[in-house]
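The values are calculated or read from the model by the stated rules, or taken from the named source; none is laboratory data. What you see is a predicted model; the values in this text were computed from it and never measured. Heads up, the Cβs are rebuilt from the backbone with ideal geometry, glycines too, and the neighbour counts pull from every protein chain shown. In case anyone asks, the SASA skips ligands and DNA or RNA and just uses the protein heavy atoms, side chains included. Shrake-Rupley method; radii C 1.70, N 1.55, O 1.52, S 1.80 Å.
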Amino acid sequence: QLQLVESGGGLVQPGGSLRLSCSASGFGFDNYAIGWFRQAPGKGREGISCITTTGDSAKYADSVRDRFTISRDNSKNTVWLQMNSLKPEDTAVYLCHGSRLRTSGAVYFDVWGQGTQVTVSS
């Protein structure tokens with residue numbers, strides 16, 4: 001079973017940048033599509049980006065498109081979320097999520113990281 005650990009969160013000024021990492025241990029990382037989610041205080045979990053198993057395709061929520069970039073390196077068992085032009089409304093706990101999909105697209109196994117706090121001040 002795969003385990004995911006996020007890192008790279010912190011405090012940043014509006015307009016600044018952070019790069020989050022999601023590091024995997026265990027077998028089969030290249031079988032997992034990876035998504036980044038975030039949870040702001042008092043709000044539900046929001047999907048913001050996802051990437052295919054090979055990294056050949058990615059999607060972004062409208063709220064982060066053109067500011068955030070997701071990438072992965074399967075040889076390093078790592079996925080990144082580069083966050084630029086950060087806004088106060090980006091403040092949240094950011095979590096990575098791995099999913100194994102059936103050919104139909106249904107998830108039959110998934111795993112969550114523990115989350116890392118991103119705070120954009122002012």
field: Residue in segment 37-73 that is nearest to Ser23 (Cα to Cα), counting only those that are of a type in the set (S, T, N, Q) and within 15 Å of the chain's Cα centre (by Cα)
entry: Ser71
message: As an exercise: evaluate Leu2 against (1) open to solvent by less than 30 Å² (accessible area, probe 1.4 Å); (2) at pLDDT 95 or above; (3) aliphatic (A, V, I, L, M) and give the number of the one condition it does not meet.
response: (2)
Residue count for segment 81-102, restricted to those that are within 15 Å of Tyr32 (Cβ to Cβ), open to solvent by 50 Å² or more (accessible area, probe 1.4 Å) and in a strand (DSSP E or B): 2
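For segment 51-65, what are the residues that are in a strand (DSSP E or B) and open to solvent by 60 Å² or more (accessible area, probe 1.4 Å)? Reasoning before the result, please.
Filtering segment 51-65 for residues in a strand (DSSP E or B) gives 51, 58-60.
Across segment 51-65, the qualifying residue is only Lys59.
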query: In this structure, does Gly9 turn out to be open to solvent by 30 Å² or more (accessible area, probe 1.4 Å) and free of Cβ contacts under 8 Å to residues at least 40 places away in the same chain?
result: no
task: Among the candidates Gly105, Gly26, Gly44, single out the residue that is open to solvent by less than 50 Å² (accessible area, probe 1.4 Å), out of contact with any strand residue (DSSP E or B) (no Cβ under 7 Å at 6 or more places or on another chain) and free of Cβ contacts under 8 Å to residues at least 40 places away in the same chain.
output: Gly105
query: Considering only residues of segment 100-122 that are under 19 Å from the mean Cα position of the chain (by Cα) and among the aromatic types (Phe, Trp, Tyr), which is modelled with the highest pLDDT?
result: Trp112
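In a strand (DSSP E or B), open to solvent by 10 Å² or more (accessible area, probe 1.4 Å) and touching a helix residue (DSSP H, G or I) at 6+ places or on another chain (Cβ under 7 Å), is that true of Arg72?
Values: in a strand (DSSP E or B): yes; open to solvent by 10 Å² or more (accessible area, probe 1.4 Å): yes; touching a helix residue (DSSP H, G or I) at 6+ places or on another chain (Cβ under 7 Å): no.
No, not satisfied.
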message: Looking only at segment 108-122, count every residue that is open to solvent by 20 Å² or more (accessible area, probe 1.4 Å) and closer than 14 Å to Tyr32 by Cβ and tell me the total.
response: 4
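Looking for whichever is closer than 18 Å to Gly115 by Cα and among the aliphatic types (A, V, I, L, M) here; the options are Ala24, Ala58. Which one fits? First the steps, then the outcome.
Details: Ala58 fails: closer than 18 Å to Gly115 by Cα.
The unique qualifying residue is Ala24.
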